[in-house]
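S.K.: Here it is: the structure, laid out below.
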Amino acid sequence: MRLTPSLLSADFTRLAEEVRTVEEAGAHGLHLDVMDGHYVPNLTFGPIVVAAVRRCTDLPLDAHLMIGNAPEHIRAYAEAGADAIAVHPEAVPHLHKTIADLRALAVRPGLAINPLSPLASLEEALAAVDYAIVMSVNPGWGGQRFIEGSMDRVRQVRKIAERTNPSLEIVIDGGINASRIAAARDAGADVVVAGSAVFGAADPAAAVREMLAA
């Protein structure tokens, strides 16, 4: 199981220090929640911050675009240093083209799946991407409560992947802490995203180590 802390919950007045802390504790990458105030109500950061994070670390960066016009901005995030970019299918009118555009930018394409998005309608898309983010909270805010039943969603995505895309990497994102790691692994997740459980802890490095050991 791999861990990618979400910088949404980090202290942005000490961003470089926060990045170093989780990197030295063993984090496998960093998750960047990009929100535009339109697709979701919250507003976070853009390519300038992604580029600043890129200068702080060599860890893989995955940008989760919770924005309404993602196809217009994927190049900016790729050029800022994102190694992987996930989009929400509801916000992308021509998903097949966007996935192809991401590959042309040498970026791993990903699909972010909302808690009530029908999985049957996403089978073809799941066959075309490198990873899927199974949202275990509604997108838009950090620190939300885990939605029960989300592990079943992970299992369903894993079953689809076994048929259509066996190498699909499955990420679970939202309300994750050390107590949920084993269940996520058993359900078929490869990666967990944790924000508040890491950066909201008194000792973020210890929180990372605890989650990696779970």
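S.K.: What is the local net charge at residue 49, summed over the other residues whose Cβ is closer than 12 Å to its Cβ (Lys, Arg +1; Asp, Glu -1)? All intermediate terms of the calculation are to be shown ahead of the outcome.
M.R.: On the way: positive: 54, 55; negative: 33.
With Lys, Arg at +1 and Asp, Glu at -1, the neighbours total +1.
S.K.: What residue among 198, 157, 92 has the largest mean-square fluctuation in a Gaussian network model of the chain, using Cα springs under 10 Å?
M.R.: 92
S.K.: Rounded to the nearest 5, what % of DSSP beta bridges with both residues in the chain are antiparallel?
M.R.: The answer is about 5 percent antiparallel.
S.K.: Amide H to amide H under 5 Å from residue 86: which residues, 5+ apart in sequence or cross-chain, H placed 1.01 Å off N in plane?
M.R.: Long-range HN contacts for residue 86: 63, 64, 65, 110.
S.K.: Compare 82, 16, 120 in a GNM of the chain, Cα atoms joined below 10 Å, and give the one with the largest fluctuation.
M.R.: 120
S.K.: Which FRET efficiency value, to the nearest 0.05, do you get for residue 164 and residue 20 by plugging their Cβ-Cβ distance into 1/(1 + (r/R0)^6) with R0 = 45 Å?
M.R.: Once rounded, the FRET efficiency stands at 0.70.
S.K.: Hey, another quick one. Between residue 105 and residue 183, 0.36 nm times their residue separation minus their Cα-Cα distance comes to what?
M.R.: 24.6 nm
S.K.: What is the calculated FRET efficiency for residue 156 to residue 2, with r their C-beta to C-beta distance and R₀ = 30 Å, to the nearest 0.05?
M.R.: Between residue 156 and residue 2 the formula returns 0.90.
S.K.: For the pair residue 96/residue 116, report the inter-label distance in nm, with labels modelled 7 Å from Cα in the Cβ direction.
M.R.: Taking the two extended label points, one gets 2.9 nm.
S.K.: Which whole-Hz couplings ³J(HN,Hα) result when phi for each residue of segment 52-64 is put into the Karplus expression 6.51 cos²θ - 1.76 cosθ + 1.60, θ = phi - 60°, listed in order with x for Gly and Pro?
M.R.: Each residue's phi maps through the Karplus curve to give 5, 5, 4, 6, 8, 7, 9, 4, x, 10, 10, 9, 9 Hz.
S.K.: Counting helices only, and only those DSSP H runs with n ≥ 4, report the 222 nm mean residue ellipticity of the chain as the sum of -39,500 (n - 2.57) divided by its residues, in deg cm²/dmol to the nearest 500.
M.R.: That calculation yields -10500 deg cm²/dmol at 222 nm.
S.K.: Considering only the other residues whose Cβ falls under 12 Å of the Cβ of residue 71, what net charge follows from Lys and Arg at +1 and Asp and Glu at -1?
M.R.: Neighbour charge sum, excluding residue 71 itself: 0.
S.K.: Further, regarding this structure: Can you work out the Karplus-derived ³J(HN,Hα) for every residue in segment 121-131? Use 6.51 cos²θ - 1.76 cosθ + 1.60 with θ = phi - 60°, whole Hz, and x for glycine or proline.
M.R.: Along segment 121-131, the couplings run 7, 10, 4, 5, 5, 5, 6, 9, 10, 8, 8 Hz.
Any read-out appearing in this document is the output of simple, stated calculations on the displayed coordinates, not a laboratory observation. Since the structure is predicted, the reported quantities are computational estimates derived from the model, not experimental observations. All Cβ positions, even for glycine, are placed from backbone atoms using ideal geometry, and neighbour counts span all protein chains on display.
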